[in-house]
Every structure is written in structure tokens, then in C-alpha cells.
Amino acid sequence: MWLEILLLGIIGFIAATFGSVVGLGGGIILVPGLVYLGPWLLGEAVSSQTAVATSLAVLIFTALSSTLAYSKVKRVDWRNGLIFFITSGPGSMVGAQLAQYFQDSSFQLAFGFFMLAMAVLMIVKERMKPLQIQWRRMQSFTDGTGATHEYGLNIPLMLLIGFMVGLVSGLFGIGGGSLFVPLMVLLFRYPAHIATATSMFVIFLSSILGTSVHAWNGSVDWMLVLILAPSAWIGGKFGAAIANRMSGKGLLLLLRLTLLVISLRMIISGFMAD
């Protein structure tokens with residue numbers, strides 16, 4: 001019993017650490033971890049709906065922990081984060097409701113292809129340069145080091161991005177930072193560290209709303225949340241500390257490889273189930 005709890009805690013810590021470093025939130029590792037390791041650790045299969053709902057609930061703790069850590073070094077753009085949340089929150093609720101209609105095999109296929117796309121995006125985004133869009137409105141932000149950054153502001157586009165990312169977040173139980181961060185960097189020319197920190201703030205707020213829908217539908221395994229939350233909290237702080245002090249390139253390489261392997265495994269499992 002204690003061994004299973006320890007292993008679940010380790011999974012939660014690893015997922016939260018990875019997620020906090022790059023603004024993912026950790027669900028992209030936690031969801032397949034629960035689906036594949038659930039039968040071994042819990043003695044019974046974990047459905048895709050339960051994995052998604054539980055992951056999103058745990059994400060509240062990961063994102064809050066990361067946001068608090070990032071706020072200490074003044075990397076969170078609170079104002080723009082709230083603008084994104086206006087639509088990402090409702091989007092997360094819609095996605096959470098839609099998740100109830102996925103069967104396990106179709107979910108594994110959809111999630112597998114999504115993870116594969118995220119792995120490819122993480123590989124190519126370092127070679128992609130921010131688009132030189134001449135935004136009508138620009139704004140400045142000064143971080144904890146005293147450096148001032150300028151980036152674009154387009155509220156209609158931000159609201160559209162917020163809804164789409166929130167929808168994916170609620171549907172798959174992930175933070176959505178895998179989409180938020182590159183879009184913020186490429187479209188608006190956010191510095192990567194500001195985008196990551198602000199993304200975690202939006203994820204925290206959106207996860208609360210998405211989890212409320214999953215809880216209403218009875219999909220959240222609260223015992224799992226109780227086990228995973230402490231390690232997710234620690235992992236969120238640890239990941240933010242790494243992101244604040246290091247480039248994290250080795251960690252990112254490991255994450256990319258992990259996403260590739262897990263995505264292919266889920267795609268194959270989805271096809272075989274059909």
C-alpha cells in the first residue's frame with residue numbers, strides 16, 4: 001500500500017516538475033501515467049475520464065505552487081493573464097463536459113496524436129522566431145531583474161486563444177501551457193520566461209473551473225487527488241526554481257523524448273483497442 005502511494009507521489013512530482021519548467025502543467029504526463037500504471041498501482045483500471053478529471057484537479061495545486069514561485073521573481077503578467085482567463089475558464093468547462101463522451105480507445109488515439117503534436121512543437125519551436133507583426137497596441141512589463149520587455153496586445157485574439165486552449169485543457173486534463181507559451185512567444189513576442197509564468201497563472205484559474213465540471217459529473221477520484229497533490233505542490237515549486245535559475249535544456253530534451261514514446265504508445269493502444 002505504502003509503496004503504491006510512494007510511486008504515485010513520484011509520478012505526481014515528475015509531472016509537476018516538467019510541467020512547471022515549460023508551463024505545461026504536468027497533465028500531459030500524469031494522464032497517461034494514471035491510464036497505464038493505474039491497474040498496477042491501484043489494482044484496477046483507471047478510465048480516461050477519471051484520469052483527465054483527476055489530473056485537472058491535481059493541476060490546481062501544481063499551477064498555484066508554480067505561480068507563487070514565479071510571482072516572487074515578478075515574472076507573472078497578472079493583467080494579461082486575467083484577459084486570457086476570461087475565455088480559457090469557460091473553455092475549460094466546455095472541454096470538461098465534452099470529455100464525458102470519449103470512450104477509452106478514442107481518447108487514447110486523440111490524446112496520443114495531441115501529445116505527438118506537442119512533442120513536435122517543442123522540438124521545432126526553438127528554431128521558430130517570433131512573427132514580426134506590427135501590433136497597434138504595445139505594452140511593457142518589468143520583471144524581477146529590472147529588465148523591461150515590450151510585446152504586443154490584441155484582446156480579441158487573446159480571447160480566442162484563451163478559449164481554444166481552455167477547451168483543450170478541460171478535454172485532456174492538461175494545463176494548456178503547451179499551446180499558450182508558443183503562441184504568446186510567436187504571436188505577441190513575449191519573453192519565454194514571462195510567457196511560462198503567466199501561463200501557469202491562467203492554468204491555475206482555468207483548472208478550478210474545469211475541475212468543478214468534472215466533479216459535478218462524478219469523474220474526479222478525490223483519494224488520488226489527496227495522494228498526488230502534495231508531490232505536485234513540491235514539484236511545481238521545484239520546476240519553477242529550475243526555470244528561474246537554469247535553461248533546463250537537458251530536462252526539455254528528456255521531456256520531448258518522453259512525449260514521443262508515450263504518444264506512440266497511446267496511439268498504438270488506441271488502434272489495437274478498435
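The values are calculated or read from the model by the stated rules, or taken from the named source; none is laboratory data. Predicted, not measured: the structure shown is a model, and the values here were computed from it. Here Cβ is always computed from backbone atoms with ideal geometry, including for glycine, and neighbour counts include all displayed protein chains. Each accessible area value is taken on the protein alone, full model and side chains, heavy atoms only, with ligands, DNA and RNA left out. Shrake-Rupley method; radii C 1.70, N 1.55, O 1.52, S 1.80 Å.
Annotations
- In region 236-261, residue modelled with the lowest pLDDT [restricted to those that are more than 20 Å from Lys74 (Cα to Cα) and buried (at least 22 other Cβ atoms within 10 Å of the Cβ)]: Leu255
- The condition of being modelled with pLDDT of 90 or more and either under 15 Å from Ala195 (Cβ atoms) or open to solvent by less than 40 Å² (accessible area, probe 1.4 Å) (or both) holds for Gly89.
- Checking Ile11 against (1) without any contact (Cβ under 8 Å) to a residue 24 or more places away in the chain; (2) open to solvent by 10 Å² or more (accessible area, probe 1.4 Å), the condition it does not meet: (1)
- Sole exception among (1) part of a helix (DSSP H, G or I); (2) within 21 Å of Pro32 (Cβ to Cβ); (3) open to solvent by less than 30 Å² (accessible area, probe 1.4 Å) for Leu98, by number: (3)
- Scanning region 118-139 for residues that are open to solvent by 30 Å² or more (accessible area, probe 1.4 Å), at pLDDT below 80 and either assigned to a helix (DSSP H, G or I) or aromatic (Phe, Trp, Tyr) (or both) yields Val120, Leu121, Ile123, Val124, Lys125, Glu126, Arg127.
- Scan of region 94-150 for residues that are within 24 Å of the chain's Cα centre (by Cα) and among the β-branched types (Val, Ile, Thr), ordered by number: Val94, Val120, Ile123, Val124
- Boolean, Phe107 is closer than 23 Å to Leu257 by Cα, among the aromatic types (Phe, Trp, Tyr) and part of a helix (DSSP H, G or I): yes
- Any hit, region 39-57, residues being within 24 Å of Ile123 (Cβ to Cβ) and not polar (S, T, N, Q): no
- Residue tally, condition assigned to a helix (DSSP H, G or I) and open to solvent by less than 20 Å² (accessible area, probe 1.4 Å), over region 214-225: 3
- Residue count for region 35-59, restricted to those that are surrounded by fewer than 22 Cβ atoms within 10 Å (Cβ to Cβ) and within 15 Å of Gly19 (Cβ to Cβ): 0.
- Whichever residue in region 174-213 is part of a loop (DSSP other than H, G, I, E, B) and open to solvent by less than 40 Å² (accessible area, probe 1.4 Å) and, among such residues, is farthest from Lys129 (Cα to Cα): Ile174
- Top-ranked residue of region 141-165 - restricted to ones that are on the phi < 0 side of the Ramachandran plot and in a loop (DSSP other than H, G, I, E, B), ranked as least open to solvent (accessible area, probe 1.4 Å): Asp143
- Any hit, region 10-25, residues being touching a Pro at 6+ places or on another chain (Cβ under 6 Å) and modelled with pLDDT under 85: no
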